[in-house]
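Below you'll find the structure, written out as structure tokens, and then a few comments.
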Amino acid sequence: MICSLTIKNIALIDELHIEFGKGLNVLSGETGAGKSIVVDSMNLVLGERADKELIRHGREKARVEAVLHIDSAALADFFEKNELDAEDELILSRDLSAAGKNVCRINGVVVSLAALKELTDHIIDLHGQHQHQSLLYAKSHLDFVDSFGKETILPIKQAINGLYDRLKDAQRQLEAVGGGERDRAQSVDLLSFQIKEIEAAGLVAGEEDALREEREKIMHAQTIAQSLSSGYEALYAGSDEGGSVLSMLQEVVARLSEITHYDERYRVLADKLQESVYTVEECAHDMRSLADDVVFDEQRQEEIEQRLDLIHSLKRKYGADEEEILAYLQEAEDRLYKLQNAEKVATELAGQIEGLKKELYGRYIALSEARKESAGRLGEKLLAELHDLGMPDAQFQARFEPLKGMDEAVYTRNGIDDMEFMISTNVGEPLKPLSKTASGGEISRIMLAFKNLSAGMDHISTMIFDEIDTGISGKMALTVAEKMAAIAQERQVICVSHLPQIAAMGDENYLISKHTEDGVTNTDVVRLTKERKVAEVSRLSGGIESESSEKYAQDLIQNAARFKAGLPGTGK
């Protein structure tokens, strides 16, 4: 939902901040007060085309910012594709300049206009100006039908997904063994050479690290031998200047042994030092043995260098380490087998593909039949809604193109149907695409009917209606107001209206007005209190300020409250 909208330097608006609520938000005001400016500003932040003429006279820049609360999980693919953090609170902004510069941001990150529109197309519908209306796009019609009949259609689509994955896998395998005889022969030669080269090397996992360690020991053999020998001398043999560490320890132990009977602590100390004697003696013997083993082997060093060069060469061709090279070997052997048996493998895969296509096509037929049944039910319910909304002569059809045959079909996850919603709103008019419906008021009511049927079916969290009340009044106005209130139980609705019935139904009401000060005209928007709401509904009713007009407004508001209290989900 849209939590707030901030507008700066747009047309008659100097600076304006509107905080919207849940449910039905109604904006009203005198003709010319600036209602269209607020809608134009919403269009800007939703990614519609910008006109620099919207910038307030005398200003160089304009800005519109909207704070939204969304279900980020439902838009995870969008955030990942655009490398944005998925957050439930979004700040969308758009800056315009008189020089023509246009900057869009999502949570402070500059994005393209297309990305901004892609995001808002999924969460907001704006009805009334042939803009930002998801159902006007024919590509969305099948999705609407599928959602409407999801109990029957979803299981079929899930089965199609599984078959489609298997088909694409088989096609990839066939492509891998495909190509002409010359191409296969060249591939066989290359793979055979690679396999022989890797096998001849006799690689062992972890071998390179072991070789590098051995090379280091050979290269520093003299230093290692000297260190071990001098260590042995110091511990065991001693030097001309003094005795060995071992002999000195033994002398200390002997002296302590003479006094152990005087105090138990002396005996414990003597025992500990005796253990040290054994340890030093053992270490000295180990050092001598290790020193004897150290040999500078120039031939072995050369062998190691050659082996490391070979491993490095294989790594440049086949993988980052021995494990990856050996994995490549396994993969190459599998590919070689398929190429050497290409004719047999290709025949088997072609048979699999044909069988999968046949099975998929059968599912496509079932999906198409389910869609037509769903579209039929949708049409009946939609016409009933349109009848309620003052369009009793409307006709509707979900027009399906004839299905292509199995050999002509293009296999996709979404079936092979091509369908578009067709509508006629007046007697004598032919059915034509929904996107070609001319009247803004008719489109808004059609969208209202669709959205009343689709509550809970999509991720659209906010609907914005402009000109929804064109050409209607009286009982029809009340019907439109009731349907908008019903939709507002499931999602946020923002409506610009001049009808008292819709204003009375509002959960939040706003008055748009303009005033002139020092020769400058400004548009303002204020949230109405209960008392001011009564006054505004009275004004919209066309009555003069009197007790009777106020009583009529109060009656409208009370009736609206009773209607909303009886709606499902109100908990009343």
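The values are calculated or read from the model by the stated rules, or taken from the named source; none is laboratory data. Not measured: the values here are computed from a predicted model. As a convention, Cβ positions derive from the backbone with ideal geometry for all residues, glycine included, and neighbour counts pool all protein chains shown.
Filter the stretch 37-80 for residues that are of a type in the set (Gly, Ala, Ser) and crowded, with 16+ Cβ neighbours inside 10 Å and give the result.
41, 47, 50, 62, 66, 72
Which members of the stretch 493-508 meet the condition of being under 35 Å from the mean Cα position of the chain (by Cα) and surrounded by fewer than 24 Cβ atoms within 10 Å (Cβ to Cβ)?
Result: 507, 508.
Can you tell me how many residues within the stretch 318-333 are among the acidic types (Asp, Glu) and farther than 22 Å from residue 188 by Cβ?
Step one: of the stretch 318-333, the residues among the acidic types (Asp, Glu) are 321-324, 331, 333.
Then keep just the ones that are farther than 22 Å from residue 188 by Cβ; that gives 321-324.
Selection size over the stretch 318-333: 4.
Within the set of pairs 6 or more residues apart or between chains, which connect a residue that is touching a residue at least 24 places away in the same chain (Cβ under 8 Å) and charged (D, E, K, R) inside the stretch 415-432 to a residue that is loosely packed, with under 13 Cβ neighbours inside 10 Å and in a loop (DSSP other than H, G, I, E, B) with Cβ atoms less than 9 Å apart?
Pairs found: 417/401; 420/401.
Would you pick out the residues in the stretch 222-278 that are free of Cβ contacts under 8 Å to residues at least 12 places away in the same chain and of a type in the set (A, V, I, L, M, F, W, C)?
234, 237, 248, 254, 259, 268
Restricting attention to the stretch 165-184, does a residue exist that is within 30 Å of residue 322 (Cα to Cα), in a helix (DSSP H, G or I), among the aliphatic types (A, V, I, L, M) and more than 43 Å from the chain's Cα centre (by Cα)?
So far as the stretch 165-184 goes, no, none of its residues is within 30 Å of residue 322 (Cα to Cα), in a helix (DSSP H, G or I), among the aliphatic types (A, V, I, L, M) and more than 43 Å from the chain's Cα centre (by Cα).
Output the qualifying pairs, or none if there are none: Cβ atoms under 7 angstrom, residues six or more apart or on different chains, first residue in the stretch 284-308 and more than 14 Å from residue 229 (Cβ to Cβ) and modelled with pLDDT under 85, second residue assigned to a helix (DSSP H, G or I) and among the polar types (S, T, N, Q).
Listed by first residue and then by second, the contacts come to 296/222.
With the condition kept exactly as written, say whether any residue in the stretch 59-68 is in a loop (DSSP other than H, G, I, E, B) and under 30 Å from residue 519 (Cβ atoms).
Here is the first cut: in the stretch 59-68, the ones in a loop (DSSP other than H, G, I, E, B) are 59-60.
Pick out the ones that are also under 30 Å from residue 519 (Cβ atoms) and you get 59-60.
Yes - at least one qualifying residue is present in the stretch 59-68.
With respect to residue 262, is the statement that it is of a type in the set (Phe, Trp, Tyr), surrounded by 15 or more Cβ atoms within 10 Å (Cβ to Cβ) and either in a helix (DSSP H, G or I) or out of contact with any Gly (no Cβ under 7 Å at 6 or more places or on another chain) (or both) true? First the steps, then the outcome.
Details: of a type in the set (Phe, Trp, Tyr): yes; surrounded by 15 or more Cβ atoms within 10 Å (Cβ to Cβ): no; either in a helix (DSSP H, G or I) or out of contact with any Gly (no Cβ under 7 Å at 6 or more places or on another chain) (or both): yes.
So residue 262 does not fit the description; no.
Among the residues of the stretch 370-385, is any in contact with an Asp or Glu (Cβ under 7 Å, 6 or more places away or on another chain) and crowded, with 17+ Cβ neighbours inside 10 Å? Can you show your working first?
Narrowing the stretch 370-385 to residues in contact with an Asp or Glu (Cβ under 7 Å, 6 or more places away or on another chain): 371.
Now narrow it down to the ones that are crowded, with 17+ Cβ neighbours inside 10 Å: 371.
Within the stretch 370-385 (the criterion being in contact with an Asp or Glu (Cβ under 7 Å, 6 or more places away or on another chain) and crowded, with 17+ Cβ neighbours inside 10 Å), the answer is yes, since at least one residue qualifies.
Being touching a helix residue (DSSP H, G or I) at 6+ places or on another chain (Cβ under 6 Å) and under 18 Å from residue 26 (Cα atoms) narrows it down to one residue among 466, 507; which is it? First the steps, then the outcome.
Values: 507 fails: touching a helix residue (DSSP H, G or I) at 6+ places or on another chain (Cβ under 6 Å).
After applying the criteria, what remains is 466.
With 254, 291 as the choices, which residue is more than 23 Å from residue 217 (Cβ to Cβ) and either among the charged types (D, E, K, R) or more than 60 Å from the chain's Cα centre (by Cα) (or both)?
Working: 291 fails: more than 23 Å from residue 217 (Cβ to Cβ).
Selected residue: 254, the only one of 254, 291 that is more than 23 Å from residue 217 (Cβ to Cβ) and either among the charged types (D, E, K, R) or more than 60 Å from the chain's Cα centre (by Cα) (or both).
Hey, residue 1 hits all of (1) within 16 Å of residue 120 (Cβ to Cβ); (2) without any contact (Cβ under 8 Å) to a residue 60 or more places away in the chain but one; which does it fall short on?
Residue 1 satisfies all of (1) within 16 Å of residue 120 (Cβ to Cβ); (2) without any contact (Cβ under 8 Å) to a residue 60 or more places away in the chain except (2).
Got a number for residues in the stretch 159-179 being more than 12 Å from residue 357 (Cβ to Cβ) and free of Cβ contacts under 8 Å to residues at least 12 places away in the same chain?
The qualifying residues number 6.
Scan (1) in contact with a helix residue (DSSP H, G or I) (Cβ under 8 Å, 6 or more places away or on another chain); (2) exposed (fewer than 14 other Cβ atoms within 10 Å of the Cβ); (3) modelled with pLDDT of 90 or more for the single condition residue 100 breaks and write down its number.
Every condition holds for residue 100 apart from (3).
Which of the residues spanning the stretch 435-464 are of a type in the set (Ser, Thr, Tyr) and either closer than 24 Å to residue 556 by Cα or at pLDDT 80 or above (or both)?
444, 461, 462, listed by residue number.
When the stretch 69-81 is examined, which residues are found to be closer than 29 Å to residue 17 by Cα and either modelled with pLDDT of 95 or more or not in a strand (DSSP E or B) (or both)? Write out each step before concluding.
Within the stretch 69-81, the first condition is being closer than 29 Å to residue 17 by Cα, and the residues that meet it are 69-75, 78-79.
Within the stretch 69-81, 70, 71, 72, 73, 74, 75, 78, 79 qualify.
So residue 346 fits all but one of (1) in contact with a Gly (Cβ under 8 Å, 6 or more places away or on another chain); (2) closer than 24 Å to residue 480 by Cα; what number is the exception?
Answer for residue 346: the failing condition is (2).
Return a yes/no flag: does the stretch 23-34 have any residue that is surrounded by fewer than 20 Cβ atoms within 10 Å (Cβ to Cβ), modelled with pLDDT under 90 and not β-branched (Val, Ile, Thr).
Yes - at least one qualifying residue is present in the stretch 23-34.
Hey, any hits in the stretch 22-42 for a residue that's part of a strand (DSSP E or B) and within 20 Å of residue 520 (Cβ to Cβ)? Before the answer, list the steps.
First, pick out the residues of the stretch 22-42 that are part of a strand (DSSP E or B): 24-29.
Restricting the remaining residues to those that are within 20 Å of residue 520 (Cβ to Cβ) gives 29.
Yes, the stretch 22-42 contains at least one residue that is part of a strand (DSSP E or B) and within 20 Å of residue 520 (Cβ to Cβ).
Scan the stretch 356-400 residue by residue and report those that are closer than 16 Å to residue 479 by Cβ and either assigned to a helix (DSSP H, G or I) or without any contact (Cβ under 8 Å) to a residue 12 or more places away in the chain (or both).
We begin by selecting, within the stretch 356-400, every residue closer than 16 Å to residue 479 by Cβ; these are 381-392, 394.
Across the stretch 356-400, the qualifying residues are 381, 382, 383, 384, 385, 386, 387, 388, 392.
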